[in-house]
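Accompanying notes for the structure given below.
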Amino acid sequence: MKIPSPATRITRLVADPRFVNHPLPHSISKQLDIPLETASKEELIADMKEQPDMFAAAKQTLFFTENSGAFLKRCPGSRHSLCCNYMTINSVTGCPFDCSYCILQHYIANNPFISVFLNREQAIEEMKEALKTAPFLRVGTGELADSLALDNLLNESGFFLSNIAKHPELTEKVQFEFKTKSVEIARLIQIIHRYPHLHTVAGFSVNIPEIQQSDELYTAPMDARIDAMQQIITAGAKVAIHFDPVIMFPDFIDNYRKLAHTIFSALDINKIAWISMGGFRYSHEMDVTFRTRWPKSILPTGEMFISEEDGKQRYLSTIRTQFYRALRTTIASYYPDNNPPLYICMDKPFIWERCMMTPPTADHPHTHPFPLYSH
Amino acid sequence: MEITVTRLVVSDVIVPSFAQPQLPHQPCRAVVLNDKTVVLDIPDSPEEIDVVLSNGTPTEACSTLLSLLPSGRKQQLTSILTLFYELKKCCSKTQVIDAALMLYGDPFLAQKKQAEQLLELPEHRQNTIIEHAIPPSFYLASIAHGTAAIVDALCQKADMNFATIKQLTAWVREISVRDRIPFSEILNEADKQIAQRNAEDRRAYGVTLKNHLFVQRYPHWASRHNQAENIRKKVRSLYGLSVEYPAYFEGNTLHIKMAYSSEKELHSLADSLTRASAELSELLSLITGEKQ
């Protein structure tokens, strides 16, 4: 079955008047055959508020503007959790997919549409600057956007990888991840062929089909994503796999084991850069969003309690432990040394200990593919 | 029809002259005795209040009465509903809302739609809001989210404060979404299990219902916490050791608190620790998830 491109969901293009002469909005306008409008951010927000379904309208609108802040940031992680030293670049915010748990819904009043920052060259300079003090950067564009969903329009992969290839210090010391729930890999594969020497990683968020269908609208089905992973590996790059968010109801544990078996039996483990797992967690502000936009979602009905440290709701620790152990055991069974490059995202050190995932020490420096630190 | 309020009775005290009232921020009831007299029943009224109204239009009279009701933002809608509920024989919905707008001014305009919705509610629902002191905005949101039936059912069965009603409404909704069963089935099932025990006592019924729904909403936690508490109590009563574990089991470390003031007591404690080791190990495995 052919998966419709997320780009076909885009119905409106708007450029900030200051950037109306930038070539990218015009080329996309031509590609999609949609006229380019001009409006300031404030005007566009006011217009969105007039729409009968603001969310739907916003997710179909590309707004071309500039990022007045820094592009390169440390992944925010979570207080008191063990973090993986990941850096993020926010060259786009927002995405055409509609996931029930997406925190961006909470920011909809201030930044509802998909913002494309046209001054992304600045991100290249920021990476060069960061490497003056950091020995290596693991960096990705998937924190506030889907890295590949609109790649055939925005050419994020081409832009970042060609620029990294131009600068030897970046070529050597940057591992760049494009994280996605799509199968929009055609352009990325072309770029991988063009720059096979780069440390390129295609990260795929994965979930059990029940959740993908009910709570991750318009994303690609799992079998299509696994097929995309295989194509990336065949092209010569590595993949990353993110079991995130893991939805922890007792009935689902076998489904997650099955998902892990399906993925790892289909892939060459030597081509997997890293694997993460993160239990579903959410902050209090999302309660209203769940009640109003996703009243039938089972996600906020798990056995979750507020953590004192960061105010986020998490599953009871014994439930998290059970799921993480089940996933770890299943994944580890595909590794001859029983030691996959696996980490837990945004959880506390005691959970790592319970799952027999001790952070790296001097004696065992290779437990993880990158150094960890406590938040 | 115009009403003229000539006498205001507050907590059965009739006072002769007008003064600015200092009213408590809690729901009050205005009761129309006849077209000349309104009794404003204010619990624990702190002051003598003297109001004379004459020859006013219904809107003006309503506005004056609203000014006597609690005027905090959260109470505004309740005040209007209360007034309308009691005065609807002689005032229209429009007159009450106009009075509110006259009194509260432009900021109230944002709430006008809510006030209109509130005044459209069936009488039994208006009564639920007033009798159980439920914030109208919460009730209207419950209607929008399809959970007002839960609120109605809870209010009908038990005496509970608003915080409990809100909590139980959320639990029933979440159980319903998770287990894919209707609200009514959840509440009927709870009813069956509780009915034999204390259906007569509305307050006790509320407490039992809350415990029942908690177990249904958080079965894993309720069971595990219950087991942990039983072991903790056993260790305390049998061996005199006080054990503490992290809230919601968020940690791998348990603490044992002991005190001794002689060598004999120290030996006794050491002996207790040894004898309690099986229970202490079991507790640790419960907390850390070793025991599933």
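Summary of computed values
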item: Cα pair distances in segment A:169-239, grouped into 5 Å bins until the bin that holds the longest one, percent each; result: 3, 17, 27, 21, 13, 10, 6, 3, 0
item: In sequence order, calculated HN-Hα J values of segment A:277-288 (Karplus, 6.51, -1.76, 1.60; Hz; x Gly/Pro); result: 9, x, x, 4, 9, 7, 8, 3, 4, 6, 3, 5
item: Distance violations [Cα-Cα > 30 Å] among A:LYS181/B:LYS210; A:LYS181/A:LYS312; A:LYS2/A:LYS258; A:LYS258/B:LYS166; A:LYS2/A:LYS30; A:LYS271/A:LYS296; result: A:LYS181/B:LYS210; A:LYS258/B:LYS166; A:LYS271/A:LYS296
item: Low-density loop cleavage sites - trypsin sites (Lys or Arg not before Pro) in segment A:1-92, where at most 12 other Cβ are within 10 Å (DSSP); result: A:LYS2
item: Theoretical FRET efficiency, 1/(1+(r/R0)^6), r = Cβ-Cβ of B:LYS264 and A:SER68, R0 60 Å, to 0.05; result: 0.25
item: For A:MET87, residues with placed amide H under 5 Å, excluding near neighbours; result: A:CYS75, A:ARG138, A:VAL139, A:GLY140
item: Average beta carbon contacts from partner chains per residue of A:290-301, 10 Å cutoff; result: 4
item: Under 13 Å from the B:GLU131 label point (7 Å along Cα→beta-carbon), backbone N, segment B:160-197; result: B:160
item: FRET E, pair A:ASP268, A:PHE136, Förster distance 25 Å, beta-carbon r, rounded to 0.05; result: 0.55
item: Whole-angstrom gap from segment B:115-156 to segment A:128-185, using each part's C-alpha centre; result: 53 Å
item: For segment A:1-132, alpha-carbon Rg over 2.2 N^0.38 Å; result: 1.16
item: Cα-projected label distance for A:ILE34 with B:VAL207, points at 7 Å along beta-carbon direction, nm; result: 6.0 nm
item: Simple label model, 7 Å out from Cα along Cβ direction - A:GLU353 to A:ARG194, nm; result: 5.0 nm
item: Placed amide H near B:SER242: partners under 5 Å, 5+ positions off or other chain; result: B:LYS257
item: Using alpha carbons only: equivalent-ellipsoid semi-axes of chain A, gyration tensor based, whole Å; result: 32, 25, 20
item: Segment B:150-219: trypsin sites (Lys or Arg not before Pro) in DSSP coil with no more than 12 other Cβ atoms inside 10 Å; result: B:ARG180
item: Descending semi-axes in whole angstrom, ellipsoid equivalent of segment A:258-299, from the Cα gyration tensor; result: 34, 13, 7
item: Under-5 Å amide H pairs with A:ALA273, H placed in peptide plane, nonlocal only; result: A:VAL239, A:ALA240
item: Cβ-derived FRET efficiency at R0 25 Å, A:GLU210 paired with A:VAL288, nearest 0.05; result: 0.55
item: Where labels lie 7 Å past Cα in the beta-carbon direction, separation of A:SER333 and B:GLU229 in nm; result: 3.8 nm
item: Among B:269-275, A:267-273, the order from most to least packed when residues are scored by Cβ within 10 Å on average; result: A:267-273, B:269-275
item: Shielding score for B:249-255, defined as the mean number of other chain Cβ atoms within 10 Å; result: 5
item: Chymotrypsin sites (Phe, Trp or Tyr not before Pro) within segment B:206-283: DSSP coil, no more than 14 neighbouring Cβ in 10 Å; result: B:TYR260
item: Inter-chain shielding of A:344-353 (mean C-beta neighbours from other protein chains, 10 Å cut-off); result: 2
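Since every read-out is calculated from the coordinates, none of them should be taken as a lab result. Because the structure is predicted, anything quoted here is derived from the model rather than measured. So basically every Cβ, Gly included, is an ideal-geometry build from the backbone, and we count neighbours across all protein chains shown.
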